[in-house]
1. Residue 84 versus (1) surrounded by 17 or more Cβ atoms within 10 Å (Cβ to Cβ); (2) in contact (Cβ under 8 Å) with a residue 60 or more places away in the chain; (3) more than 30 Å from residue 320 (Cβ to Cβ): which is the lone unmet condition?
2. Is it true that residue 29 is at pLDDT 90 or above, loosely packed, with under 15 Cβ neighbours inside 10 Å, more than 30 Å from residue 107 (Cβ to Cβ) and in contact with a helix residue (DSSP H, G or I) (Cβ under 9 Å, 6 or more places away or on another chain)?
3. Can you tell me how many residues within segment 254-274 are charged (D, E, K, R) and without any contact (Cβ under 8 Å) to a residue 60 or more places away in the chain?
4. What residue, among those in segment 172-211 that are under 21 Å from residue 84 (Cα atoms) and polar (S, T, N, Q), is farthest from the chain's Cα centre (by Cα)?
5. What about residue 286, is it surrounded by 14 or more Cβ atoms within 10 Å (Cβ to Cβ), charged (D, E, K, R) and touching a Leu at 6+ places or on another chain (Cβ under 6 Å)?
6. Show me the strands (runs of 3 or more DSSP E) entirely contained within segment 23-69 in which 2 or more residues are within 19 Å of residue 140 (Cα to Cα) and touching a residue at least 12 places away in the same chain (Cβ under 8 Å).
7. Within segment 288-326, take every residue that is part of a helix (DSSP H, G or I) and β-branched (Val, Ile, Thr) and give me the one that is farthest from the chain's Cα centre (by Cα).
Amino acid sequence: MDEIVQVSITDWHLFLEIISVDFDVYVPEKINQHIDYKIYNSNGQFIKYNRALPVTPLKFFFLPVKENVVINSLIHNKKLIIGVPACDLKGLELLDEIYQDEKFPDPKYKENRLNTILIGTDCHETRENCHCTTYGVEPYPVINADAILVHLDGNLLITVKTPKGEELIRQCGLKVPVGKPLPEMLELAEARRSATRAMLKQQNQYLPDYASTGDLIRDSGHEIWEKHAQTCVSCGACATICPTCTCFLLIDRPDFDKVRQLDACQYPGFEKIAAGGDPLNKKPVRFKNRYMCKYVWKPERFSATACTGCGRCIDSCIGNINKNKIFIEMMQSLKNS
């Protein structure tokens, strides 16, 4: 498939206004100092294309923080989500493997996925804690996007990846002018990709890769977790904002309602049982548990990567815990031993 079209940004915004009758259209906008998704409001000047990392992880569109899993969801609108970074699209690989398992599929998750069109975007910048390429994730979409969007000099290059993306661009061509991309635009897009790759390689040159990190964590002693858990306040921000963490509670309510609510392994009492036992009662043990899950246990169970290098867990940590610095410290300690 991979057809590439070019459309002016003015015509694209006109198309978004037209299609917003049938879809909830989410676009990346700058809110204070951050980028996050907002419903399109017929004013494209606030959209920020090719910016790294919306605050909201993509998983919340498919696994909301709180959701009644028995309510009739046919009333839900279809969604068009624009500007999804590659790290979040990569995170869907693990979510799909878990929630679309052939033996135990989650119908709610499947419905949310089917009713959503995802337009990924290249990152033309990096944030301080971005480290996707260290874990084998490119700074541009490779999987799970229905189309890929790049903004260059007042025009958009849109690469079609799936039948859903093909139909969207077909509809776009019926409403506004859509043409073939100019060769110089394609060259510029590739140059931007190379530049972003180089920036990420430079800023993460000392960080171990995904598999090596798993080995370091598996072989680590208690002391390093005791040391870095001191500033952890057990708020759970790192897990709840992670694009691949999906632990939840299932709460029974009157009239046979069942509510799925996001949970986090960093909350005190996460593994507490009725008899009072709690294997994660001690904070350093609970702190290490999350990294064991992401880098050791998940790779043993699933083929998809459990950390995509988005860096949100570092950005959101109230205790200023930087997992990348912990892993570099582990690696340096190993070399010095």
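The values are calculated or read from the model by the stated rules, or taken from the named source; none is laboratory data. Everything quoted here is computed from the prediction, not taken from an experiment. Neighbour counts run over all protein chains shown; Cβ positions are idealised from the backbone, glycine included.
1. (3)
2. No.
3. Total satisfying the criteria: 4.
4. Checking each candidate, the answer is 194.
5. Yes; evaluated as a whole, the condition is true for this residue.
6. Result: 23-31, 34-39.
7. 326
Residue-wise test of (1) in a loop (DSSP other than H, G, I, E, B); (2) under 25 Å from the mean Cα position of the chain (by Cα); (3) within 20 Å of residue 61 (Cβ to Cβ); (4) aliphatic (A, V, I, L, M).
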position	(1), (2), (3), (4)
252	no, no, no, no
255	no, no, no, no
260	no, yes, yes, no
275	yes, no, no, yes
